[in-house]
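Presented below is the structure to which this report refers.
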Amino acid sequence: MRVIIYVMRGWTPAEIKIMANIISGKQRFQIVELQEAVGFLNDRDRDFAGSLLGQYMRNGRLTEKQWKWVETLSDRAMAKAPRDFALHVLGAY
């Protein structure tokens with residue numbers, strides 16, 4: 001979906017590839033962040049996060065809506081995590 005937007009803007013194939021790598025890198029980090037911080041979520045959010053992570057592990061992709069939830073849940077978990085936990089997540093990535 002995002003690639004179509006870039007093509008419509010007149011981006012070159014090289015620019016599209018760079019943007020795709022940036023986007024996929026951010027998404028990979030969000031997955032790692034959520035995997036590492038899922039224990040800081042409440043039970044309901046933890047179950048939902050487990051479902052999203054399972055979907056990603058099985059299929060290697062998520063919908064745009066699911067990615068927004070990965071980001072939301074990751075933000076919630078990191079907000080509850082100790083300050084130095086972010087360094088742990090960076091080490092896991």
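The values are calculated or read from the model by the stated rules, or taken from the named source; none is laboratory data. Just so we're clear, the structure is a prediction, and the values are computed from it rather than from any experiment. Backbone-built Cβ (ideal geometry, glycine too); neighbour counts: all protein chains shown. Calculation scope for accessible area: heavy atoms of the full protein, side chains included, ligands and nucleic acids excluded. Shrake-Rupley method; radii C 1.70, N 1.55, O 1.52, S 1.80 Å.
The table below lists the values:
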read-out	value
Selection within the range 37-59 - assigned to a helix (DSSP H, G or I) and aliphatic (A, V, I, L, M)	ALA37, VAL38, ALA49, LEU52, LEU53, MET57
Contacts under 8 angstrom Cβ, first residue in the range 71-86 being over 19 Å from ARG28 (Cβ atoms), partner open to solvent by less than 80 Å² (accessible area, probe 1.4 Å) and not hydrophobic (A, V, I, L, M, F, W, C), 6 or more apart	ARG76/ASP45
Some residue of the range 48-60 being within 19 Å of LYS26 (Cβ to Cβ), of a type in the set (Gly, Ala, Ser) and either surrounded by 11 or more Cβ atoms within 10 Å (Cβ to Cβ) or at pLDDT 90 or above (or both)	yes
Hits in the range 32-57 - residues which are touching a Leu at 6+ places or on another chain (Cβ under 8 Å) and among the hydrophobic types (A, V, I, L, M, F, W, C)	LEU34, VAL38, LEU41, PHE48, ALA49, LEU52, LEU53
Residue identified as outside any helix (DSSP H, G or I) and not acidic (Asp, Glu) among LEU62, LEU34	LEU62
